[in-house]
Amino acid sequence: MILFVHGNVLPKKMLMRLKLLCVLLFMALSATQANVLSQTVTLQAKNISLERVLQSIEDQTGYGFNFDRNLLKGLKLLSVDVKNKTVKEVLDLCLKELPITYTITDDKKIFLKRKVPEAHTLEETSVPDTLITVTGLVTDSSGAPVEGASVTVKGSTKLSASTAANGRFQLSQVRAGDRLLIALVGYVPDEVTVTGAQLLIARLQPSLSKLDEVKIVAYGTTTERRNVGSVTTVKAETIERQPVADVLQALQSNVPGLVITQANGLAGSGYAKVEIRGTNSLASGSTPLFLVDGVQVAGADDYTAGINPFIAIGPDNIESISVLKDADATAIYGSRGANGVILITTKKGKAGQTRVNANVSAGYSRYTQAGKFLNTEQYLEMRREAFKNDGETPTTLTAPDLNGYGVGADVNRYTNWQDVMLKQGASITDAQLSMAGGNNQTTFHIGAGFHRETPPLPADNFYFQRPSLHANFSQTSVDRKFRVTLSANYSDIKSNYASGGDISYFAFSLPPNLPELKNADGSFNFIENMSNPYAKFAQPNRTGDKNLLASLAISYQLARGLTLKTNFGYTDQNKQSVSISPLATLSPQLGLSSGIGNFISILTNNWQVEPQLEYVRTIGRGRLAVLVGATWQQLQQNSSAIRANNYSSEAMLENYATAASVTVTPGYSNYKYAALFARLNYSYQDKYLLNLTARRDGSSRFGPGRQFGNFGAIGAGWIFSEENFIKMPWLSFGKLRASMGVTGNDQIGDYKYLSTYGGTTIAAPGGLAVFSGFTYNGIAAISPVALYNPDYSWETTRKYEIGLDMGFWKDRVLLNVSWFNNRSSSQLVNYSLPPTTGFNSILRNFPALIGNNGWEFTLNTVNVSNSKFSWNSALTLTIPRNKLLAFPNLASSSYASQYVIGQPLSVQKVFKYLGVDAATGTYVFADKDGKPTSAPTPNTDQQSLVNIDRKLFAGFTNTWRYGAWQLTIDMQYVRKTTFDNLTVTPSPAGGIGNYNVAVMDRWQKPGDHTNVQRFTQNTATDAYLAGYYVQMSERAYTGGSFMRVKNASLAWQLPANALHSLHSKGARIYLNAQNLFTFTSFKDNDPETGSGSVPPMRSIVAGIQCSF
């Protein structure tokens, strides 16, 4: 059975895996529902301890208790006789004569604590029924003052207040006996009774519900309960269990709407794609805005050029990552928010006892999946048959591989180049040490780390390593009004890979019968025009990358509810690269007299200042928060690329001053940015939510009169589960939200509007070179490169979203559904100019319209939860659609062969493939009129369309806890079409070079019916031309869907007696695996990265983590 979906074929095995995924999800939901059915307790016993009563409640209901064991010491025994009583009724009965009180949270957690004689309420006194003024203090569980908590009189719409920075509040016009409701984001709401006019003291317990987890958003925080935007947060516990060097890899499959594709599997390499909710721009970039502690990451939009700024941040230093997607969440970033925003928050100190945490791990990586290539017998058969088909006799010139490569080599020799190039052991070593603590005024977090990886290539001197430092200090005044926080991250990355980076393509392209490529004396054997991989390994490409990212936040409370803040940010990146090719590693056929040196230097610094004024006030049953601020930013980059040859000595290759020929390519850019922004948040009765955002941006990337733009958004939410007419026992939470707004994009590079000049190089005294487009009497001159063009402006994206967030059975099941619809216009593209202008094109805004819409789903379930065993599940699902909605006069433009209105931007216009001609053995295609041909006309006959976008992608995580053990498995599923290098080869099968064994199913004689044409090696034959065109046909694409066990983590917490021996507060031993298994019908290399590169590696590490 084969299932067809939107023109794609899902094999039976893949269909079965999807069914298995659905069955697992159904089991999770079934377990959840079954587990919540038992909500009553039946118990009959005499003279039993309270601990046994609590255990019985856990076993019968699934509720979990949290308390200090000392709390139960010395308590009298109980006699209990209850039948079908609620948990609350049983606890009230058992605790009525004991000095213990309790709190039940929405996620079935019960906190026990010792009763403090009316420390929670006012002292019992006889108070007449008169209006009084009451003051109070609200603290957290550690006793630290809590700012911003709302205090309202239950049943009143007018009497309310909020706590100041010192945790204090004051309420007038209240009566003795009134109940005060105290609430704050991230804490369990509490109620206290007014019985007099003395100081009221309340202590809030942190909420364990996912709805109340604090989320970092733009210039502030919120929770899932009160958020009206689309924000997904990934916590430290998810990041830390993945053995990756790069924080972005930890986001794969964990965030709906986010697509991250690695360029290859080498540590420190760039990314092929990082997109949030699709491609918004034809030519000006769709990279999200990246911020670390509020500071923009310099160079983030260059990740596709092999530059990876994210590698500078150690995953162990990350507290959380928030991905902002819709207009409500991103519009406050204005022109930089069109492509979404990723906020990275580093770890900070917390008040409490100083703790030292150590984490050490080691492991290995292995190449995961490779296609099967021709052995020597098959290879020789292919080559000889190709000559026979072409009617030619192989000679030493045309077929060196069939004639001993000109040196009398054994043509039957066999080397499996995949084993040689990719089956080496790659190691991973990681060590982290941190110390954190503080008190109510001062907190700190200091950390140091070291990470090292080696690639799976046969070279002992290849490596990637990152020593890093992280520090955070925070100081608060005694009255809690003044606060200063300093955070800094520094890394000194060093790596050494072969010249050219990922050279694994040798494993798939070298003939299997090549003679030994390394001679006995250590020299390299160069065969004809072939590159020698061993010579590449001897060409060091050393890179050093020093990164500093620092932020300083200062705030002062000017008055109750009014706070002045200023955030300062600075980044400094110093990247130096030296690539050396000694003469001995270069083919003699090049005719060079010395080696070659390449030197690259990129110096980037970025600073920003953001003053802000925030006003928060409780007005009756409503809460108002207003934020106004400004941004000033400057990003400078100086670069140089130097190429040197004709050295006087091979020993001086790293000193280009000794070279006779030096070419210098300098670069400089200075980007300036300024903005004003404002945001208003209002909530009424904690169920009606409204957000308004506005921003005015100015960018130096646009010409006079076009430098400023206005952006904004509106978001609203309704927590309908708080309405009395919707109260249902199974519905614990329900929220409807919507947002709309306008954001922008200025990712076009600097100085595009100016008339610029440049040139080529000529020799100068001392071997150094200067630039010149031409010379006049031997004097260097310059020539124009771009025309003055001040008329283009911002790309704009209008974002619309509707979402539904629901919680069932006391939030044991949480469901988030979002529908989004983005429209990107005023596309910045290169507009073709007539040749008479002297220029090919000019940048301008074009009225093309791009649409991105789709559905996103997130499902979190607590399937089982008790003191012995728990099982949680999380599912993310994204169904995206990208489409070019409008492009005026597309047919007559230079983009006619690239885009199709009504189709995704990634659509490929290809030849319709008809098969292999049974008579001639050549590929056959349909021309524009549907007639068969082996020589179609490019563009004219490319009438078929292939969509290579992801049609669907999902992540499924399960976490099981049993006693001291925890197992977590993350799975990733992607449905897509990809390029097929299996039988569609870079050159038609039959030439020098290796091919996948699938080519052996070729046509051999008239009447054969197959899908692989005849072998050929002559570039002038019709088969060779057809073999070239097949790469531009439907035949070149195949199903690239896959399901991957992305991460598996097993951990064991050491028991108390072992901790005591180690003098440790906590310790665990763990085993983490990344890219463990991949299930796919794709037969070649990895389906994510395709062929010709190192795929994502299978990594397995073991480690121990201790805290003291």
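Derivation of every value follows stated rules applied to the coordinates shown; laboratory data play no part. These numbers were taken from a predicted model, which means no experiment stands behind them. Counting neighbours? That spans all protein chains shown, and the Cβs are built from the backbone with ideal geometry, glycine included.
Odds and ends about this structure:
- Packing around the peptides 533-540, 78-85, taken as the average count of other Cβ atoms within 10 Å per residue, puts them in this order, highest first: 533-540, 78-85.
- For the chain, calculated [θ]222 nm from helices alone, where every DSSP H run of n ≥ 4 adds -39500 (n - 2.57): -2500 deg cm²/dmol
- Unit charges at the beta carbon, dipole of the chain: most positive-side option, His451, Gln1004, Leu248: Leu248
- When peptides 1096-1102, 376-382, 43-49 are ranked by their average number of other Cβ atoms within 10 Å per residue, the highest-first order is 1096-1102, 376-382, 43-49.
- Using Cβ point charges alone (K and R +1, D and E -1), the dipole size of region 38-114 about the Cα centre works out to roughly 240 debye.
- Alpha carbon Rg of region 211-350, scaled by the compact-globule rule 2.2 N^0.38 Å: 0.99
- Annotation: lysines with alpha-carbon distance below 19 angstrom to Lys909 (same-chain offsets under eight excluded): Lys883, Lys928, Lys931, Lys951, Lys976.
- Hits among aspartates and glutamates - C-alpha to C-alpha of Lys235 under 16 Å, sequence gap 8 or more where chains match: Asp212, Glu213, Glu224, Asp246, Asp293, Asp316, Glu319, Asp970
- Cα gyration tensor category, rounded, prolate or oblate, for region 131-207 with a/c compared to 1.5: prolate
- Least to most buried among Ser531, Ser284, Ser474, Ser649 (fewest other Cβ within 10 Å first): Ser649, Ser531, Ser474, Ser284
- Positive-end residue, region 131-207 charge dipole about Cα centroid, Cβ charges, pick of Tyr187, Thr133, Phe169: Thr133
- Global geometry of region 38-114, whether rounded, prolate or oblate, following the gyration tensor of its Cα atoms and the 1.5 cut on a/c: oblate
- Among (i) 11, 31, 34, 16, 6, 1, 0; (ii) 10, 28, 28, 19, 10, 4, 0, 0; (iii) 10, 36, 35, 14, 4, 0, the entry derived from the coordinates for P(r) over Cα pairs in 20 Å bins from 0, in percent: (iii)
- The label point for Ser944 and the one for Asn710, both projected 7 Å from the Cα toward the Cβ, are 5.1 nm apart.
- Directionally averaged projected area (convex hull, Cα atoms, region 585-625), nm²: 7.7 nm²
- Dipole of the chain computed with +1 at Lys/Arg Cβ and -1 at Asp/Glu Cβ about the Cα centre; of Met652, Gly930, Ile321, farthest Cα towards the positive end is Ile321.
- Ascending count of other beta-carbon atoms within 10 Å, so fewest first, for His1009, His470: His1009, His470
- Stretch gain in nm, segment Leu1062-Glu528, where the contour uses 0.36 nm per residue and the Cα spacing is subtracted: 185.8 nm
- Segments 714-720, 337-343, 1001-1007 sorted - mean Cβ within 10 Å per residue, highest first: 337-343, 714-720, 1001-1007
- Between Glu723 and Asp410, the contour length at 0.36 nm per residue exceeds the Cα-Cα span by 104.2 nm.
- Reachable aspartates and glutamates from Lys76, criterion Cα separation under 13 angstrom, eight or more residues apart if same chain: Glu51, Glu97
- Among Val360, Val87, sorting on how many other beta-carbon atoms sit within 10 Å of each Cβ, with the fewest leading, yields Val360, Val87.
- Dipole check for the chain: with +1 at the C-beta of Lys and Arg, -1 at the C-beta of Asp and Glu, and the Cα centre as origin, the magnitude is about 2760 Debye.
- Above-threshold pairs, the threshold being 24 Å between Cα atoms, out of Lys727/Lys799; Lys518/Lys1083; Lys158/Lys565; Lys73/Lys109; Lys347/Lys799: Lys727/Lys799; Lys518/Lys1083; Lys158/Lys565; Lys347/Lys799
- Full-extension gain in nm, Leu804 to Asn403, via 0.36 nm per residue minus C-alpha separation: 137.3 nm
- Alpha-carbon centroid distance for the pair region 887-953 / region 852-868, whole angstrom: 41 Å
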